[in-house]
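J.: Once you've had a glance at the structure underneath, I'll fire off some questions.
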Amino acid sequence: MTSGSAGKIDLRSDTVTKPTHAMREAMARAEVGDDVYGEDPTVKALEARVADLLGKEAALFVPSGTMGNQLAILGHTRPGDEVYAGQGAHCAWYESGAAGALSGVQIVEVGSGGIFDADELAEAIKPRAYWCPNPRLVVIENTHNRGGGKVVPHEVTSRVAELARREGLGLHLDGARLWNAAVATGLSEKELAAPFDTVSVCFSKGLGAPVGSAFVSSAERVLAAKRHRKMLGGGMRQVGILAAAALFALENHRERLSQDHAAAKRFAEITRESGRATAEPPQTNVVMIDLPGAADPVVRALAERGVLVSAFGPKRLRVVTHVDVTMAEVETAGRALASVLAEAS
Ligand SMILES: Cc1ncc(COP(=O)(O)O)c(C=O)c1O
């Protein structure tokens with residue numbers, strides 16, 4: 001299927017996908033009720049399915065990954081606390097300063113490139129002193145978006161989790177793209193989520209649902225998060241219509257993520273073969289391309305050829321593959337980049 005944005009090949013993000021015909025039919029058929037009254041059967045079915053998939057007691061359907069992360073931070077922390085997250089973490093860069101505004105905490109970015117190990121965390125944790133912020137929570141993002149869709153090695157997660165436990169810190173997993181990590185590693189979502197107290201996952205990224213995420217944890221934490229969700233205006237009514245899309249995506253779009261990973265690898269290969277830019281072999285569906293010159297003119301030249309990508313730094317492009325682009329379109333986009341770079345050199 002040709003991607004959105006009026007027939008262009010849209011590789012800006014995996015959030016640009018549109019619901020398929022079959023997904024729309026599932027939405028139309030959804031049984032619904034008032035979810036603030038706890039009466040929406042489709043939402044209940046989704047929450048039970050997600051809790052089961054992640055091996056936790058309960059889940060809560062929320063409008064966005066941002067809300068999922070913020071419910072975690074609200075639940076784990078108090079004002080004056082400190083949160084540790086990898087460099088470039090979504091919760092530090094792309095949530096409009098919500099952690100500071102809503103929870104009154106500061107986020108410290110640890111390590112470089114998004115993934116940090118236990119030694120780097122140990123160095124970052126402040127002393128327990130009344131004049132320091134209170135160390136409280138560690139956030140791991142898997143896969144890591146700004147890190148180029150990198151998968152956090154499970155042994156690294158285990159060592160970080162061990163240190164966090166010893167230090168009495170909470171552990172949250174920003175699993176917006178946990179589905180991609182599961183496909184890339186062959187580990188189940190349950191195994192990947194096991195070390196964490198709280199997890200947020202998104203249905204609206206690679207899985208292709210139009211809206212929605214879940215906050216997943218113990219029954220007690222989910223109950224507390226429900227109150228915070230209501231405070232933030234996230235109590236929704238006949239929202240089974242959206243939960244149906246998420247359920248459909250979970251059952252039908254997880255395995256196919258391997259196709260997105262293969263397409264991302266192909267794009268990186270074409271880029272490297274051009275000899276005019278570098279691209280690390282991607283682990284999942286995100287390709288970061290380092291250019292010899294400025295990114296913005298390349299983004300514009302590609303858009304003129306019908307290919308949309310994002311500038312992700314002065315000399316860096318981000319390309320994300322997803323359910324609405326075919327391998328053939330990704331090949332076309334890769335060749336368009338090679339020819340734009342050839343013309344510019
Ligand atoms: C790693 C990560 N976490 C959280 C989010 C937030 O999701 P949303 O856009 O639904 O708020 C995103 C969005 O791209 C993300 O990449």
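J.: At 0.36 nm per residue, and after removing the present C-alpha to C-alpha distance, how many nm does the segment from residue 25 to residue 112 gain when stretched out fully?
T.: 26.9 nm
J.: A further question on this structure: How big is D, in µm² s⁻¹, for the range 176-232 by Stokes-Einstein at 25 °C and 0.890 mPa s if Rh is the Kirkwood radius over C-alpha pairs?
T.: Reported coefficient: 197 µm²/s.
J.: Let me ask something else about it. Which ³J(HN,Hα) values in Hz, rounded to whole numbers, follow from the phi angles of the range 206-223 under the Karplus curve 6.51 cos²θ - 1.76 cosθ + 1.60, where θ = phi - 60° and Gly and Pro get x?
T.: x, 6, x, 6, x, 8, x, 8, 9, 9, 10, 5, 6, 4, 5, 5, 5, 5
J.: At 222 nm, what helix-only mean residue ellipticity would the chain give, in deg cm²/dmol to the nearest 500, using -39500 (n - 2.57) for each DSSP H run of four or more?
T.: Computed mean residue ellipticity for the chain: -13000 deg cm²/dmol.
J.: Need one number: nm distance between label points at residue 96 and residue 300, each 7 Å from Cα along Cα→Cβ, rounded to one decimal.
T.: Distance between the two pseudo-spin positions: 3.0 nm.
J.: Using only Cα positions of the range 31-252, each an equal point scatterer, no hydration layer, compute I(q)/I(0) via Debye at q = 0.13, 0.18 Å⁻¹ and quote the log10 values to two decimals.
T.: Summing over Cα pairs of the range 31-252 leads to -0.69, -1.31.
J.: Order the peptides 62-70, 239-247, 18-26, 222-230 from the highest to the lowest mean number of other Cβ atoms within 10 Å of their residues.
T.: The packing order, highest mean first, is 239-247, 62-70, 222-230, 18-26.
J.: Roughly what % antiparallel, to the nearest 5, for the DSSP beta bridges in the chain?
T.: Around 50 percent of the beta bridges assigned by DSSP in the chain are antiparallel ones.
J.: Compute the separation of the alpha-carbon centres of the range 12-68 and the range 325-345 and state it in Å as a whole number.
T.: 36
J.: What spacing in nm lies between the two simple spin-label points modelled at residue 188 and residue 18, each 7 Å away from Cα in the Cβ direction?
T.: Once both label points are built, they end up 3.7 nm from each other.
J.: Taking θ as phi - 60°, what are the ³J(HN,Hα) couplings along the range 56-68 by the Karplus curve (6.51, -1.76, 1.60), each to the nearest whole Hz, with x for Gly and Pro?
T.: 10, 6, 8, 9, 10, 6, 10, x, 8, x, 4, 5, x
J.: Across the range 31-252, how many lysine pairs, 8 or more apart or on two chains, come within less than 21 Å at their alpha-carbon atoms?
T.: So the count works out to 9.
J.: Using modelled backbone amide H atoms (1.01 Å from N, in-plane), which distant-in-sequence or interchain residues come within less than 5 Å of residue 108's amide H?
T.: Those lying under 5 Å, H to H, from residue 108 are 83, 84, 85.
J.: Next question, about the same structure. How long, wide and thick is the range 45-148, going by the Cα atoms along their three principal axes, in whole angstroms, largest first?
T.: 46, 30, 26
J.: Given H placed on each backbone N at 1.01 Å, which residues far from residue 141 in sequence or on other chains put an amide H within less than 5 Å of it?
T.: Those qualifying (amide H under 5 Å, at least 5 residues apart or on another chain) are 86, 174.
Coordinate-derived values only; no laboratory data. Please read these numbers as outputs of a predicted model, since none were measured by experiment. Here the Cβ is made from the backbone with ideal geometry for all residues, glycine too, and neighbour counts use every protein chain on show.
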